Amino acid sequence: MQAMVRKTKWEVKMHEARELRKQGAGLLYDRVALLVACYDDPEFRQYHADNGTNELDFLDEELSDTAVTFMAFRSVLAAYPDREDWVRHNIRELIALTLEAEAEARKRENEQKRPSWKERALAAEKECKRLRAELDSMRKSLEIVAAAKCK
């Protein structure tokens, strides 16, 4: 006779809880996708402009039960546009990965914009020469003025 593995009540409940968590993640994805569609709609923005309200505050309030801002979820949706990613992974992980990727992108962008130390040193040296020449010119002008006053 084969030994049957019997699930205890807590195991069944745990399985049900995990299934609900997956459903919740999928529903969160659906909510965020709908809110992003609203945000991207010019009529939605115009409505808020006409009424003197802030559309981001409005959308944040729609997600107040999550303790995450609309823009954070919007970034996650842009980085992970597949509903299955939201269901398979913990949303906190997706948020952390998205924030990390955005920080890296900003860092790379800043590094590309920022001149190298050598370029900055050469520019500073050039500026020093220009300022020295300007200072010498001012000194000569002051000497002329001072000499004229003495006469």
TODO: Can you tell me which residue among Glu84, Glu111 is of a type in the set (D, E, K, R) and surrounded by 11 or more Cβ atoms within 10 Å (Cβ to Cβ)?
DONE: Glu84
Task: Number of positions in region 36-46 that are surrounded by 13 or more Cβ atoms within 10 Å (Cβ to Cβ) and either small (Gly, Ala, Ser) or more than 23 Å from Asp65 (Cβ to Cβ) (or both) - done: 1
Open item on the list: All but one of (1) small (Gly, Ala, Ser); (2) at negative phi; (3) surrounded by fewer than 16 Cβ atoms within 10 Å (Cβ to Cβ) hold for Ser75; state the number of the condition that does not hold.
Closed with: (3)
TODO: Taking the options Ala33, Ala25, Ala3, name whichever one is in the same structural domain as Val87 (by TED's automatic domain parsing) and either modelled with pLDDT under 95 or exposed (fewer than 10 other Cβ atoms within 10 Å of the Cβ) (or both).
DONE: Ala25
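The values are calculated or read from the model by the stated rules, or taken from the named source; none is laboratory data. Note that this is a predicted model, so its numbers are computed, not measured. Cβ sites come from the backbone with ideal geometry, for glycine too, and all protein chains shown count toward neighbours.
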